[in-house]
Amino acid sequence: MNWFKTATNRNTQVSCAALIVMAMIAVTCQPLAAASSHHDSGLEQQLLASITQLASDDFAGREPGTDGEKKTLRYLAKQWFDIGLVSGTNDPSHPWFQPVTLVGREPVGSRADFARRGRPVLVAPGDVRVMTFGRRGIVQNAPFYFVGRMAGDLPSRTELAGRVAVIFDKPAPRVGGEVLPLAVRQNALLEGGAAAVLTVLDSYRTIASVSERRRHQGFALADDAPEGDLEAYITMDGMARLLGGREGLDALSNEANRPDFAPRLLDLTGSFEATTRQTTIRTHNVIGRLPGRHPEEGAVLLMAHWDHFGTCGTGKPGEAHLICNGAIDNASGLAGLTEIARRLVHQQGGPPDRDIYLLATTAEEMGLLGAQAFAESPPLPLGKIVAAFNLDSIAIAPAGGPLGVVGQGMTRLDSGLATVAREQHRKIAASDWPNTFLKRQDGWALISHDIPAVMITSAYGDRPRFQHYLETDYHRPGDVVKPGLELGGAAEDVWFHVALVRYFADPRRWSASVSSAER
Ligand SMILES: [Zn+2]
């Protein structure tokens, strides 16, 4: 509490000094009231109240499909209703809550039998694992086709069809220096016609790590649930066994490294089978709308993901707390969303011209699935959205720092962001570092559908603090409301977004037709 008081006093002095300067250069005080150099402790208290509620054990880590989801949805919709928003689903049979169905595939069975020149070769069960994204994948006595590290062209469909493509995990640079991630190479081979892909784990990955990763990736939107692929992984020991010893494996590895490498058949065959258990999760996005005076001019979208992991502690000794409450990730973004809306409703001059949509997405942590569902079944034509702003994990930086932009240089919004930043006396950091998070946040699901979306926040303007968060509490049970939770930057983010929305929702200031012509 003491901390708040000190900070407030310091910033009040700054504001007074700024007032005098502003008066001297004969600018009205009105812009200053909205300017974010003002430290707003009332707003910080409002943010803290929402974060405390959403990150309480009662909400159980806000996991999709659980009681924690019900509480979260009810809490958000009530807040938005009380502020004066209306349902934004544009679906009278589902007001406020847009249904999203997820299908999960949990690996349950794995079988791999190998033969060399027709004779069975036994590989220890711990050295091989077969997985599928479908319900069941099976291949019988398929010849192994060695494709090395895939630095060259993709083999033809006739070369791959009916065969198991054998690939080394460790990539080799292609002509021009490009290095393709393993998943990209695997998908190319499966789409290219291979019956299965067997990856030799000669890099940092282990059988345990690929299995664990698959468990978390196993969810997809019901309409997109993939079928029938087959991925197998084998350790170096397992592969050496198939090749009759370590020398055989070394020779194969050297062959893959040769600049004149050409794919070829091995004298190996395999039968693989993988099965999964299907689980269905019925979950929801929350969509609210602040009706504009001229909705035909389009809309501005504000979004934040509501979901988190539920329980995610490991239960190791010394880790008593199992719930991942997600105070920063992303109760802070949700609280910000609500407070932006409250200020837009109550600002003088009435509602903006364009509609303002508020979207709290589900299943962000499962791969941006709620945002993807929104983009695939939007409540308004997607082309009507002139700008989208995502808020994710904003309670990081203290007041007074610069803004970082995830998506900078990727959309046509940059000039508008710069204008608003200038008007609000805010600095946008030039660093490209925030863009390393581009595909790890909901805005990416919209950008992929050609909607201009950015995340602009003090959190990404403060790399050391953000990095520290990633290395400590991020996606761990430690992400709870701690005494002195930093909300200075988050409060500034709220005011900055109020200004952003008013700018982009005003057709006289931000023209949708001009901006789309700039594409
Ligand atoms: Zn997260």
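The values are calculated or read from the model by the stated rules, or taken from the named source; none is laboratory data. Just so you know, these numbers come straight off a predicted model, no measurement behind them. Cβ atoms come from the backbone with ideal geometry, glycine included; neighbour counts cover every protein chain shown. Remember, those area values only see protein heavy atoms, side chains included, never the ligands or the DNA or RNA. Shrake-Rupley method; radii C 1.70, N 1.55, O 1.52, S 1.80 Å.
Taking the stated definitions as given, is Leu359 modelled with pLDDT of 95 or more, within 29 Å of Pro477 (Cβ to Cβ), out of contact with any His (no Cβ under 6 Å at 6 or more places or on another chain) and within 16 Å of the ligand (Cβ to nearest atom)?
Here the answer is no, as Leu359 does not meet what is asked.
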Within the stretch 62-72, restricting attention to residues that are open to solvent by 50 Å² or more (accessible area, probe 1.4 Å) and part of a helix (DSSP H, G or I), which residue is nearest to Val480 (Cα to Cα)? Lys71
If you scan the stretch 274-290, which residues turn out to be of a type in the set (S, T, N, Q) and surrounded by fewer than 20 Cβ atoms within 10 Å (Cβ to Cβ)? Thr275, Gln278, Thr279, Thr280
Restricting to the stretch 477-489, and then to whatever is closer than 26 Å to Asp40 by Cα and within 16 Å of the ligand (Cβ to nearest atom), can you tell me which residue is least open to solvent (accessible area, probe 1.4 Å)? Asp479
Among the residues of the stretch 493-510, count how many are farther than 11 Å from Leu344 by Cβ and open to solvent by less than 10 Å² (accessible area, probe 1.4 Å). 3
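Which one is nearest to Ile447 (Cα to Cα), of the residues in the stretch 401-423 that are more than 16 Å from the ligand (Cβ to nearest atom) and β-branched (Val, Ile, Thr)?
In this case the residue turns out to be Thr411.
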Of all residues being of a type in the set (A, V, I, L, M, F, W, C) and assigned to a loop (DSSP other than H, G, I, E, B) in the stretch 366-394, which is surrounded by the most Cβ atoms within 10 Å (Cβ to Cβ)? Just the residue, please. Ile394
Collect the residues in the stretch 238-266 that are open to solvent by 60 Å² or more (accessible area, probe 1.4 Å), of a type in the set (D, E, K, R) and touching a residue at least 60 places away in the same chain (Cβ under 8 Å), keeping them in residue-number order. Arg241, Arg264
Take the residues in the stretch 366-400 that are of a type in the set (Gly, Ala, Ser) and within 16 Å of the ligand (Cβ to nearest atom), then tell me which one is farthest from Arg463 (Cα to Cα). Gly370
Does Ala274 satisfy the criteria of being small (Gly, Ala, Ser) and closer than 30 Å to Met366 by Cβ? yes
Candidate set from the stretch 437-459 (those that are within 15 Å of the ligand (Cβ to nearest atom) and open to solvent by 20 Å² or more (accessible area, probe 1.4 Å)); member that is farthest from Met410 (Cα to Cα): Arg440
In the stretch 95-148, what count of residues is obtained for those that are free of Cβ contacts under 8 Å to residues at least 12 places away in the same chain and charged (D, E, K, R)? 1
Within the stretch 335-355, is there a residue that is over 16 Å from Ile456 (Cα atoms), away from the ligand (no atom under 14 Å from the Cβ), hydroxyl-bearing (Ser, Thr, Tyr) and open to solvent by less than 10 Å² (accessible area, probe 1.4 Å)? yes
When you check Pro92 against the structure, is it within 30 Å of Arg214 (Cβ to Cβ) and surrounded by fewer than 17 Cβ atoms within 10 Å (Cβ to Cβ), yes or no? no
Could you run through the stretch 307-322 and say how many residues are more than 11 Å from the ligand (Cβ to nearest atom), open to solvent by less than 30 Å² (accessible area, probe 1.4 Å) and at pLDDT 85 or above? 1
Restricting the stretch 462-476 to residues that are of a type in the set (D, E, K, R) and open to solvent by 40 Å² or more (accessible area, probe 1.4 Å), which is nearest to the ligand (Cβ to nearest atom)? Arg476
Got at least one residue in the stretch 417-430 being under 17 Å from Leu302 (Cα atoms) and not in a loop (DSSP other than H, G, I, E, B)? yes
Which condition number in (1) under 30 Å from Glu296 (Cβ atoms); (2) outside any loop (DSSP other than H, G, I, E, B) is the one that Asp329 fails? (1)
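Within the bounds of the stretch 136-149, is there any residue that is charged (D, E, K, R), surrounded by fewer than 18 Cβ atoms within 10 Å (Cβ to Cβ) and out of contact with any strand residue (DSSP E or B) (no Cβ under 7 Å at 6 or more places or on another chain)?
No: zero hits.
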May I ask you to list the residues in the stretch 95-104 that are open to solvent by less than 40 Å² (accessible area, probe 1.4 Å) and of a type in the set (S, T, N, Q)? Gln98
Checklist (1) within 13 Å of the ligand (Cβ to nearest atom); (2) closer than 30 Å to Arg508 by Cβ; (3) among the aliphatic types (A, V, I, L, M) applied to Ile328, failing item: (2)
Any residue in the stretch 48-61 that is outside any strand (DSSP E or B), open to solvent by 60 Å² or more (accessible area, probe 1.4 Å) and β-branched (Val, Ile, Thr)? yes
With respect to Ala445, determine if the residue is among the aliphatic types (A, V, I, L, M), in a helix (DSSP H, G or I) and in contact with a strand residue (DSSP E or B) (Cβ under 9 Å, 6 or more places away or on another chain). yes
Conditions first: (1) within 30 Å of Thr279 (Cα to Cα); (2) open to solvent by 10 Å² or more (accessible area, probe 1.4 Å). Arg174 passes all but one, so which condition is the exception? (1)
Restricting the search to the stretch 131-162, which residues are under 28 Å from Glu106 (Cβ atoms) and charged (D, E, K, R)? Arg135, Arg136
